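To keep things clear, I will list the structure first and then write my remarks on it.
The values are calculated or read from the model by the stated rules, or taken from the named source; none is laboratory data. Just so it is clear, the model here is predicted, and its values are computed rather than measured. When we count neighbours, we look across all protein chains shown, and the Cβ atoms used for this are built from the backbone with ideal geometry, even at glycine.
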């Protein structure tokens with residue numbers, strides 16, 4: 001009789017663990033969306049409605065895509081459209097859709113910013129930083145933010161790798177940590193607007209340059225292909241995908257504000 005009870009106990013325990021694990025969606029996402037506070041705002045609403053837990057794994061976009069390729073997640077929300085499309089083309093994702101957008105900004109110490117603020121475009125601003133050998137802190141982590149920053153440097157007349165370790169420094173860290181380093185070292189930094197608005201350690205740093213078309217920041221959502229990753233929790237991740245791209249999910253993204261400003265603009269497209 002004791003053996004029977006023990007056997008039943010083990011079955012119940014295993015089933016409970018399986019049900020618990022099966023009730024989780026692993027969302028591979030960016031540090032910028034996490035640091036903005038967006039997930040803390042929208043995910044409890046989804047979780048209460050569907051009794052599905054969303055576990056956010058926040059890294060740079062490049063690392064998030066590698067994690068997804070290695071089947072370490074169920075859904076992607078990242079911001080590097082070309083890499084996302086390549087991910088789908090190679091069979092790792094089912095589809096890629098626009099989800100929301102905001103923009104990048106150039107932030108720097110207030111007392112060093114006057115000339116750069118007068119730049120005609122962001123490429124000229126970066127050239128001035130190089131000409132003056134102003135300290136610049138880069139994430140250097142193959143994130144969507146880092147990719148956008150490097151695209152701008154590629155449009156300048158500067159071979160940025162020549163100055164790595166000099167006035168150009170790479171942190172290999174997320175946006176929040178990189179901002180703190182830029183503040184501490186009185187440096188310029190390229191960041192997404194949402195993280196900057198949420199950031200509480202601005203001190204004497206201000207927005208130096210903004211509103212250039214090159215600084216557009218599109219976020220995409222990608223469903224991981226269960227044919228490539230047969231252990232992915234496709235059924236529940238599909239519920240979350242349909243919810244965040246629905247009218248309700250998109251309006252929740254729009255309604256997330258800080259000091260009256262929307263941090264993301266929804267733009268889901270089929």
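What to note about this one:
- So residue 217, is it over 20 Å from the mean Cα position of the chain (by Cα), buried (at least 18 other Cβ atoms within 10 Å of the Cβ) and either at pLDDT 95 or above or not assigned by TED's automatic domain parsing to the domain that holds residue 255 (or both): no
- Apart from one condition, residue 223 fits all of (1) touching a helix residue (DSSP H, G or I) at 6+ places or on another chain (Cβ under 6 Å); (2) crowded, with 20+ Cβ neighbours inside 10 Å; (3) in a loop (DSSP other than H, G, I, E, B); the exception is (3).
- Among residues of the range 235-270, those that are part of a strand (DSSP E or B) and either farther than 18 Å from residue 98 by Cβ or without any contact (Cβ under 8 Å) to a residue 12 or more places away in the chain (or both), counted: 4
- Members of the range 20-51 found to be in contact with a strand residue (DSSP E or B) (Cβ under 9 Å, 6 or more places away or on another chain), surrounded by fewer than 19 Cβ atoms within 10 Å (Cβ to Cβ) and under 15 Å from residue 233 (Cβ atoms), listed by number: 20, 23, 24, 47
- Qualifying residue in the range 135-144 (condition: touching a helix residue (DSSP H, G or I) at 6+ places or on another chain (Cβ under 9 Å), part of a helix (DSSP H, G or I), surrounded by 14 or more Cβ atoms within 10 Å (Cβ to Cβ) and free of Cβ contacts under 8 Å to residues at least 24 places away in the same chain): no
- Test: residue in the range 171-185 that is touching a helix residue (DSSP H, G or I) at 6+ places or on another chain (Cβ under 8 Å), modelled with pLDDT of 95 or more and within 29 Å of residue 118 (Cβ to Cβ): yes
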